[in-house]
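So the structure is just underneath, and the comments pick up after that.
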Amino acid sequence: MVLHHEFIEIAKKFSKKIAIIDKATGKNVSYGKALIASLILANKFKIYEEGYVGVMVPTSAGAFLACLGLLMAGKVPVMINYSTGAAENCEYAQGKIGFKTIVTSRALLEKINCRVVDGMICLEDIMKAIGTGDKLKAALKSKLPTSMIIKGMPPKTEDDDVVILFTSGSEKEPKAVQLSHHNVGANARDAVKVFKLSDQDVMLSILPVFHSFGQMVNFWLPLITGMTAVTYANPLDYKTIPKLIREEGATMIAATPIFISGYLRESKPGDFENMRIIIAGADKVPDWLRHAFMEKHNKVLLEGYGVTETSPVISANTPEENRPGSIGKPLPRIQVKILDLKTDEALPPGEEGKIVVKGDYVMTGYYDDIEETSLRIRDGWYDTGDMGIIDEDGYLWHRGRLKRFVKIGGEMVSLVRTESVLEELLPEGESCCVVDIPDTRKGARLAAAVTSKINEKELIKKMGEKLPNINIPTQFVVFDELPKMGSGKIDFRATTEMVKKRLFQSARG
């Protein structure tokens, strides 16, 4: 089904129920009011002739309603990352997709000190221009039968784009991912099924909606299920978020391990009492974090896996089927195979190879990039670029990015494997990132960026007990903190450049 049509049905059914608790503005928006507001915005957005419109708004009622309004006006939201290089990201998206208009917020621009980019319109100005006539017209329209409301909108099918998201760019230039209504809708409905979610659940929506995790889990999932979404735009506010979880009785949270560890550290006993589902993804969940959550809150921290191109969830552990350390079983409407790196032949359970997937969640393609799309999708199978294993019971185990394997002296070495061992040896909560740097003799060698002062000799000795010599970094570089993506994931590309720069400076002087 077309997602904004599905939202209209839900909004009519639960008109008096709170759809969004916006913690930034202190306002509660009922489903009925959310429908009226999105109809008003749809009318305002109709003046823009472009089929695609940029959206750069923090996770909030404003962000949700802007996306709904654009879709109801026949437009496709193009989500823009504002966490780093916001203005440059706006211009990159404009150039890549070929649109001009960007819906944003003046408060956000001021907060992140972003210059005004040509084509920006601020929600604050749109809201000021809404008159009594606009409100009355939308309110009357919202009372019509669902079929009549939908009939008055530009025709859309479930195969049309619902959003364009950009890949993280942690390894190379961001790609524009086209996701359809069917892609995101199928992923959301399967998440409802495997986690046994209902309209009684309360979602803590803290992830940015420019990230696929935030777009599906924090935005569409609650609003097409009849849940209440509690929005808060700063997932790094570790002190506040545990309080919000307690105060609003949130029953589900999805975040990255880095964010989850911050909430754990600042939480008090009882903060997670109502939580049914606590799931981490986008990065490996360390064992200590799982144990610490159980010890402090008697709650199971689940782990899942996904990529932007699959809307995003591919697999997840659930309360009923949980194998700690794995990334869970594939969701119902996706197939997963492990292929041999050299032959592309399917491998049996227990053998490591590259992860490829096929099914309803796989993107339409990369916008205006047939070549890259055809490289990544063959016969419907999408190459995730990740390495993994499927065990005898159907659980998927992540072994790291293929790009995060490096050939040293003729052998393939996993940077992620080294990181996992190093992380266990560092003080709790400290970060690390293992990178490869050029070496004239072996072609490459490993260096590690860490956020904790270390005894290098002692650390190398302990790593040698768990890893072959080829996997052990030859140099360690200490930084106050490591650069992160908007998702909270360590920015591998930026960290590599920092390490190379620091080592080059050390070599020179």
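The values are calculated or read from the model by the stated rules, or taken from the named source; none is laboratory data. Small disclaimer: the values here were computed from a predicted structure and weren't measured. We place every Cβ from the backbone using ideal geometry, glycine too, and count neighbours over all the protein chains shown.
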Practice item. Give the number of residues within the range 286-315 that are over 15 Å from Gly388 (Cβ atoms) and assigned to a loop (DSSP other than H, G, I, E, B). Key: 6
Revision key, fill the gap. Screening Asn187, Asn218 for residues that are part of a helix (DSSP H, G or I), under 25 Å from Lys44 (Cβ atoms) and within 15 Å of the chain's Cα centre (by Cα) leaves only Asn218
Check your understanding: Would a scan of the range 459-467 turn up a residue that is out of contact with any Lys or Arg (no Cβ under 8 Å at 6 or more places or on another chain) and in contact (Cβ under 8 Å) with a residue 60 or more places away in the chain?
Key -> no
**Study point:** Residue satisfying condition, being assigned by TED's automatic domain parsing to the domain that holds Val116 and buried (at least 20 other Cβ atoms within 10 Å of the Cβ), within set Ile10, Ile18, Ile47
**Key:** Ile10
Review point. Restricting the search to the range 377-408, which residues are charged (D, E, K, R) and either under 23 Å from Val217 (Cβ atoms) or within 19 Å of the chain's Cα centre (by Cα) (or both)?
Key: Asp383, Asp386, Arg401
**Study point:** Residue count for the range 388-401, restricted to those that are assigned to a strand (DSSP E or B) and at pLDDT 90 or above
**Key:** 6
Revision key, fill the gap. Considering only strands (runs of 3 or more DSSP E) wholly within the range 402-485, the ones with at least 2 residues that are closer than 25 Å to Thr256 by Cβ and not small (Gly, Ala, Ser) are 405-408, 432-439, 443-450, 475-478
**Study point:** All positions within the range 146-158 that are touching a helix residue (DSSP H, G or I) at 6+ places or on another chain (Cβ under 6 Å) and of a type in the set (D, E, K, R)
**Key:** Glu158
Check your understanding: When you look at Met203, is it within 22 Å of Ser60 (Cα to Cα) and either assigned by TED's automatic domain parsing to the domain that holds Ile278 or surrounded by fewer than 22 Cβ atoms within 10 Å (Cβ to Cβ) (or both), yes or no?
Key -> yes
Exercise for review: Within the range 324-340, identify whether any single residue is at pLDDT 95 or above, surrounded by 15 or more Cβ atoms within 10 Å (Cβ to Cβ) and either at positive phi or part of a helix (DSSP H, G or I) (or both), and answer yes or no.
Suggested key: yes
Review point. For the range 365-378, does any single residue satisfy the condition of being farther than 22 Å from Ser168 by Cβ, in a loop (DSSP other than H, G, I, E, B) and either touching a residue at least 24 places away in the same chain (Cβ under 8 Å) or among the aromatic types (Phe, Trp, Tyr) (or both)?
Key: no
